[in-house]
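Everything on this sheet refers to the single structure shown next.
Throughout, read-outs are computed from the coordinates displayed, never taken from laboratory work. On a predicted model such as this, the values are computed, not experimentally measured, just so you know. Counting neighbours? That spans all protein chains shown, and the Cβs are built from the backbone with ideal geometry, glycine included.
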Amino acid sequence: MSSAQQRPLFERAIVQRAVIDAFAKLDPRRMIRNPVMFVVEVGSLFTTLLSGHALFSSDPNAGFVVAVSVWLWFTVLFANFAEAMAEGRGKAQADTLRKARRDVIAKRLEEPTRVSRYEEIPSARLKQGDVVLVEASQLIPGDGEIIEGVASVDESAITGESAPVIREAGGDRSAVTGGTRVLSDWLIIRITANPGETFLDRMIAMVEGAKRQKTPNEIALDILLAGLTIVFLLATVTLYPFSVYAVESSGQGQPVSLAVLVALLVCLIPTTIGGLLSAIGIAGMDRLIQANVIATSGRAVEAAGDVDVLLLDKTGTITLGNRQAVAFVPAPGVTEAELADAAQLASLADETPEGRSIVVLAKQRFELRSRDLKALGAHFVPFTAQTRMSGVDLDGRQIRKGAGDAIEHFAAQHSTRVPAEVRAVLEAIGKKGGTPLVVASDQKVLGVVELKDVVKGGIKERFDEMRRVGIRTVMITGDNPLTAAAIAAEAGVDDFLAEATPEAKLAMIRQYQSEGHLVAMTGDGTNDAPALAQADVAVAMNTGTQAAKEAGNMVDLDSNPTKLLSIVEIGKQLLMTRGALTTFSIANDVAKYFAIIPAAFAATYPALGRLDVMGLHSPSSAILSAVIFNALIIIALIPLALRGIRYRPAPAPALLRRNLLIYGLGGVLLPFPGIKVIDLILSALNWV
Amino acid sequence: MTGRAIAQAGIFLAILTLFAVPLGHGMARWLNGGPGWMGQLLGPVERLIYRVAGVDPTQEMSWRRYAASVLGFNLVGICFLYALQRLQGNLPFNPNGLGDVGPEVAFNTAVSFVSNTNWQTYGGETTMSHLTQMLGLTSQNFLSAATGIAVLLAFVRSLGEGQRAGVGNYWVDLVRSVLYVLLPLSLGLALLLVSQGVVQTLAGSAVAQTLESGVEQVYALGPVASQVAIKQLGTNGGGYYNVNSAHPFENPTSLSNFFELLAILLIPAALCFTFGSMLKDRRQGWAIYAAMTLIFVPVLALTLGSELSGNPRLANLGVDDVPSLLQSGGNLEGKETRFGITSSALWAVATTAASNGSVNSMHDSYTPLGGLGPMWLMQLGEIVYGGVGSGLYGMLMYAIVAVFIAGLMVGRTPEYVGKKVEAFEMKMASLVILLPAAAVLVGTAIACSIPEGTGALANPGPHGFSEILYAFSSGANNNGSAFGGLTVNGPFYATAIGVAMLIGRYWVIVPVLAAAGSLAKKKRLPPTAGTLPTHGPLFIFLLVGTVVLVGALTFIPALALGPVIEALQLRGAS
């Protein structure tokens, strides 16, 4: 993750813009999308009219009505500010991205060859299917697929990663993104996206929240909040006729005033969560962007929180790239040093990671230094698909290393055999999940080099964590079942798919989904595309092919397959923040009743004053304190909404217990001292 | 004294649980056509009914079809009952020659009995003929209860394993509920009651010559035991006599009182275990039962405590009404001395916890906080045990809200017993919670603003307000008990409460069935460590919290102006 994209919570420029936006968002056409806050706005408008009327009729309560109306407006503005803050962080990100989307001159080729003639056109006019030439130090004009050439490309504009990456035609590293820069060499690229539809465009739209739609879960919560709002609307509206009856039958006091009713309504409806709901959603996306992952929809982020099966590619995610040599097992009558020496010679010119790891091991174990093969007059024999061996010819000796059956064939040519002891070793290594390489010199089988997949440090603990929150991890590998089982056991995954083909992957996802699971996976190759399209959360690597990126619903700019685990956490955190603040918001109402009900009926039923457990200064101070508390709590919770509540991997009951205690019980208790303190301040200032 | 009251309540709950568990598990078998002696015995009758009625019992109904059948069947019931009352003067089995019932009362009564409310705006023995009581009221006692069970079965099925297109067959559920559960239990209870002296006859009133010469006393008689049995078992509550189970012919002895009390809660409690049994996870049933009991017990303690501690104003006058070994004490106003305070308070809380509504004491005479308990139990939506079937499906809708909030707090899209809770279910759950509450508040608001509403009050001030609030709480939540003190047979109350009953019954049934239709189509997700178990103490606590918080927040303002201020004023005066 690049640190350049970490922003402080309250950046000056963002706050300034958010303050202005908070007022712009008062437009009722925008407010209506948030029913709870819309009710508050209508209430504010209504109390403003009431205060106008009170001022003109020189009502002794005019000051109180004006104060209520002012604080109701603040409530709306604070909620708008929270949303604007969340959006502002995205907008700042988008501005950085936009700088990368400069219009450049593209060299459109007539023929897809280096020597073809080209015309220079602005990149905005490039269409899908056009073929362009990009040379060193030029910006790539649009998203595309390399059809010829190899080049190092600086992708920092998008990924924030300054180290250049290699892009080449063919294979899984052939996709390039518009706005990135070719540092060396040249590329011939077929453009795959029309202007306005490029990856950069989608990314900007995403972080700006322009295409943000409410997620299913958000909609369900909205319904609950709207339901509660109606309940409280009924409870407060009917309070008026109730109070008229009470006044008539008790013969004292006055019916509850409209300003008090509006104040009560606003205090009761879930304004805290209503005001922060969209900020929480936007902030969730923002956290994902900070993790260098771009989601194509908010829905995908939410689904990530729900995922309970993770399909993880073995290589790169669970194990460190490639197999490594871990032991030399000599044949009878051969010393380990002799075997190491031969193995080293056979591997010196072998540039594969396996070959290099043998050289490293030989050096570690026997201090065998690297030797210059040319000086020795040796001849390197590279690996071919026919022989399935590699090695050197030195002093008339043929030293070879290869899989068991290949060496057997080689030995048979030299009319010898692989000894039974060596065969036993081969079998044992295979069972442990390792890969044995047999080393032979002419007629003699010297022994076996054990190659092993090295499981990444800390990955096992990560999987244990996942298991604790109910997520199943499945390892996908092309290895045979025996090897796969051994690595699976070592890494601590719950299940594995061996000898995986794209079809098998797809079938496995479908199987899990039919059992009701939600499946997440990562992928980069074109052959991953069908499985990516099928998975509920599909993270494509930015280094991957265009097909993979289009099939997935997220792109990881760091191309780090382990990122999937962080994505799941971000999704969960998003849902939990919503739940915690909803509970908090509703739990707050208890205290507000204790403040407002005795105050509203102080004249009619003085005996209700016994319910005023907070001992508030006066009825008007009680009501105003509740309204002010209700407004300030929104501001106080903005950092929590933007950052999200703390997430610790734990089973559901433990999480629920903890959050109920903090946000449920805390939500019931906190407003009592809160309202009391505001009341003390108001009365000390003589405002009421 | 208090110790005895606690012991009595404890023993009652223990015996209730003892009977409810096996009955619940049995019902799961009988109602779903499972094997057993019940099916062998009554199976032929069941099949005969289908053949005669032309019902294909294997046909699965979509939720829309199911809801249409419920509504259609209930509409026919309302029309039939209305006509029966309007024409009873010219119909047989009318030995006392009672006249036709007036239109508003007939409408109110028809809606009341079909909707399982059994709110009575009339005095039974002086208004309804034997024919109306038996053919109209008693048969609706069975059918309205069976409808509640049927809707519950449809909902529970939707939570079961496997996806299904429909939610069951209403006619089958209806027939089985009546045949396998309500009829046998009623028959047994009626016989027990007759043994205690509850009357059962088709003869007219008996006339006795009193010791005072020339003064005759008329004893109203009729087929009482048979109706009382189902009125208690089916959470109907509509008594044969005006004073309901306070009448010595309807509830003569302590033993009959105990049986009737047990019958109030028996089926609603047992259905919790039916639910667990049908889901093949009995812990789910126990969890719901525990949640209901956890709400029931504190409310019982409030009412019982208030009644036992008596009236502070009397203490002010130097009267010792504290219960002790030498005197029963407490607030005995409006209670039958043969039952005493504990049995009366226990009944008052049970009858309002279940949407039964039968009474053995006058709730209007309770202390303010003693009356608050029953009133609030109704306002919760009649889900603490609740009506037969309706209580549990109401509670399950609350469970959906609770898991939704819980799901959010643990970072997962919520699910209940493996079924995902999404926007549609939330919409339906909101309607179920919202509409009855709205009917209570709006109804009360209208009634206390117009002369037709306040003119019917017997008491002024907060107590009068409580009477109106109680009436609408009872009607809109299909309880049917009356606080008393309110003259409700006038056209305004008869019509307004009639409408409230319709809303409280059918605007809940339809959303519940709609939610069932949606849930039935969903896959049942396998539980993982990330799933919140819905059978543990934590979930029970959350469910109780949700119900109590929503119930409290909705009704605190109204309750504050009724029983709460009355209690505070009463105490302030002492």
Give the calculated FRET efficiency between A:Arg102 and A:Trp186 to the nearest 0.05, with a Förster radius of 25 Å applied to their Cβ-Cβ distance.
0.80
To the nearest 20 debye, what charge dipole does chain B have about its Cα centre, counting +1 at the Cβ of each Lys and Arg and -1 at the Cβ of each Asp and Glu?
2180 debye
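Can you work out D for segment B:464-555 in µm² s⁻¹ from Stokes-Einstein, where Rh is the Kirkwood radius over C-alpha pairs, the temperature is 10 °C and the viscosity is 1.306 mPa s?
The Stokes-Einstein estimate is 96 µm²/s.
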Quick check: the distance between the Cα centres of segment B:361-399 and segment A:521-587, to the nearest angstrom?
47 Å
At q = 0.10, 0.12 Å⁻¹, what log₁₀ I(q)/I(0) does chain B have when each alpha carbon counts as one equal point scatterer in the Debye sum?
-0.80, -1.17
Lysines with Cα under 25 Å of B:Lys335, excluding same-chain neighbours fewer than 8 positions away
B:Lys231
With A:Val131 itself left out, Lys, Arg at +1 and Asp, Glu at -1 over residues whose Cβ is under 9 Å from its Cβ give -1
Flagged as over-length at 27 Å C-alpha distance, from A:Lys314/A:Lys572; A:Lys314/A:Lys432; A:Lys91/A:Lys592, the pairs are A:Lys91/A:Lys592
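By counting other Cβ atoms within 10 Å of each Cβ, how are B:Leu202, B:Leu300, B:Leu457 ranked from fewest to most?
Numbers: B:Leu202 11, B:Leu300 25, B:Leu457 19.
Listed from fewest to most nearby Cβ atoms, that is B:Leu202, B:Leu457, B:Leu300.
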Using only C-alpha atoms and all pairs of different ones, pull out the Kirkwood radius for segment A:1-139 in Å with one decimal.
19.9 Å
Quick one: check the C-alpha center-to-center distance for segment A:266-305 versus segment A:336-364, whole angstrom.
53 Å
About the Cα centre, charge dipole magnitude for segment B:344-440 (Lys/Arg +1, Asp/Glu -1 at Cβ), debye
240 debye
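What ratio of Cα Rg to 2.2 N^0.38 Å holds for segment A:477-605?
Values: Rg = 23.9 Å, N = 129, 2.2 N^0.38 = 13.9 Å.
Segment A:477-605 yields a ratio of 1.72.
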In the neighbourhood of B:His535 defined by beta carbon distances under 10 Å, the net charge of the other residues (Lys, Arg +1; Asp, Glu -1) is +1
Cα-only Rg/Rh for segment B:382-503 with Kirkwood Rh rounds to 1.12
Sticking to Cα atoms, compute the Rg of chain A to one decimal and its Dmax as the biggest Cα-Cα distance, whole number, in Å.
34.2, 121
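Take A:Thr75, A:Thr384, B:Thr2 and order them by how many other Cβ atoms sit within 10 Å, fewest up front. Can you show the working numbers first?
Numbers: A:Thr75 29, A:Thr384 9, B:Thr2 13.
Least to most surrounded, the residues fall as A:Thr384, B:Thr2, A:Thr75.
So if I place +1 on the C-beta of Lys and Arg and -1 on the C-beta of Asp and Glu, and nothing else carries charge, what would the dipole magnitude of the protein assembly as shown be about its Cα centre? I want it in debye, nearest 20. Could the numbers behind the result be given before it?
Values: 94 positive and 98 negative charges, 150 e Å.
Rounded to the nearest 20 debye, it is 720 debye.
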Treating cross-link reach as a plain straight distance, find the aspartates and glutamates whose alpha-carbon is under 17 Å from the alpha-carbon of A:Lys505, omitting any fewer than eight places away in the same chain.
A:Asp308, A:Asp313, A:Asp479, A:Asp494, A:Asp495, A:Glu515, A:Asp524, A:Asp528, A:Asp536
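Please rank A:Val568, B:Val544, B:Val228, fewest neighbouring Cβ atoms within 10 Å first, as an exposure proxy. Intermediate results must be reported in sequence, preceding the final value.
Details: A:Val568 24, B:Val544 20, B:Val228 36.
Going from least to most buried by this count: B:Val544, A:Val568, B:Val228.
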Any chance you could check the Cα centroid distance between segment B:334-352 and segment B:174-219 for me, in angstrom?
21 Å
Filter the DSSP H helices in chain A by two things, a Kyte-Doolittle mean of at least 0.5 and an axial alpha-carbon span of 27 angstrom or more, and list the hits by number.
A:35-56, A:62-100, A:216-237, A:271-290, A:563-587, A:619-643
Fraction of alpha-carbon pairs over 22 Å apart in segment B:1-149 - percent:
60 percent
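Classify the protein assembly as shown from the C-alpha gyration tensor, please: rounded if a/c falls under 1.5, else prolate or oblate depending on whether a/b exceeds b/c. Please list the in-between numbers first.
Values: a/c = 2.80, a/b = 1.88, b/c = 1.49.
Taking the square roots of the gyration eigenvalues as a ≥ b ≥ c, the protein assembly as shown is prolate.
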In chain A, if the dipole is taken from +1 on Lys/Arg beta carbons and -1 on Asp/Glu beta carbons about the Cα centre, which of A:Ile223, A:Val176, A:Leu497 is farthest to the positive end?
A:Ile223
When the convex hull of its Cα atoms is projected in every direction, mean area for segment A:578-688 (nm²):
7.7 nm²
Mind checking which aspartates and glutamates have their C-alpha under 17 Å from A:Lys99, skipping anything on the same chain fewer than 8 residues away?
A:Asp143, A:Asp154, A:Glu155, A:Glu161, A:Glu197, A:Asp201, A:Glu208
Net charge within 14 Å of B:Gln85 by Cβ-Cβ distance, Lys/Arg positive one each and Asp/Glu negative one each, not counting B:Gln85 itself?
-1
Could you work out how much longer the chain between B:Val548 and B:Leu325 gets when fully extended? Use 0.36 nm per residue separation minus the Cα distance between them, nm to one decimal.
76.7 nm
Please check which bits of segment A:391-424 a label hung off A:Thr352 would reach, taking the label as a point 7 Å along Cα-to-C-beta and the cut-off as backbone N under 19 Å.
A:391-393, A:399-411
Could you work out the percent of alpha carbon pairs in segment A:67-186 separated by over 22 Å, rounded to a whole number?
47 percent
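Which entries in the list A:Lys374/A:Lys401; A:Lys460/B:Lys420; A:Lys25/A:Lys563; A:Lys676/B:Lys427; A:Lys456/A:Lys549; B:Lys280/B:Lys420 go over 29 Å, if you measure between the two C-alpha atoms of each?
On the way: A:Lys374/A:Lys401 20 Å; A:Lys460/B:Lys420 31 Å; A:Lys25/A:Lys563 36 Å; A:Lys676/B:Lys427 37 Å; A:Lys456/A:Lys549 26 Å; B:Lys280/B:Lys420 18 Å.
Those over the limit are A:Lys460/B:Lys420; A:Lys25/A:Lys563; A:Lys676/B:Lys427.
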